[in-house]
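Beneath this line is the structure, given in structure tokens, with notes to follow.
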């Protein structure tokens, strides 16, 4: 079995994420060019500017309030230092090892084993774990999960995903505006070869407007998976003990395959699907593409 250096794994995933973001940017430029050729460039630039403003405003507001939105959506409560001493002790130890500031700690009412981190930067970060994680995980296992979440914070994953969300949102809005504008099109805008070229660009534009949002959505999910691998590798960097995270992942796999009665009763407390990429383990069995398969995560960790 070939060994993997966690530093190489982190660097490799960051490079792949960069190229995927660049790929989304290229799609955005191509889509804009094709649509501008199909219609009046001046007309399209106005729509494009409006779409960019709307997308950026929406994501920036969400970005600066991401921690509050996430905590409120899962009905989490602030962790008590006296009641959750081990939780506090582990995070404090990891912040010393990583050099990160101490995040605010929360507990989410769920019997499933899970956790997430949020916040626009390390100074404004929160970490939230489920009641199930605190009850079912041993100390080294919980440490591995918390190190993973601090890895997301230290790697500025929220910032990466916000950039991706802005570009994906702009592509979706521009595609939607373009397709809807076809209903109000005044028809031919010219004649001869110019009209034929315009029709060709119109057909290409329609195809791109339909396919581009789908393609970039899957690229976005792929970037999310890469960040999960990076956070796993960063957790090993912080703890120097991959077995803790491996054992936690195995418990999570077992926990999700055979949910207990208590877990089933908590299904109504599941978070919004929009928050699924934030979690340590995907809380939705039918939405596995936001996270790598647990088996593959374990396989990579065993090689570190």
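Sorted by packing (mean other beta-carbon atoms within 10 Å per residue), highest first, where do 118-131, 87-100 land?
Peptide ranking by packing, descending: 118-131, 87-100.
Here the peptides 152-159, 135-142 are ranked by packing, the mean other Cβ count within 10 Å, and the order with the highest first is 152-159, 135-142.
Exposure proxy shown here: for 20, 170, the number of other Cβ atoms within 10 Å sets the order, fewest to most, as 20, 170. Counting only Cα atoms, the size of the stretch 92-236 along its three principal axes is 74, 31, 23 Å, in decreasing order.
Values quoted throughout were computed directly from the atomic coordinates according to the rules given, and no laboratory measurement underlies them. Given the structure is predicted, the values throughout are model-derived calculations rather than measurements. Ideal geometry is used to build each Cβ from the backbone, glycine not excepted, and the neighbour counts take in all protein chains shown.
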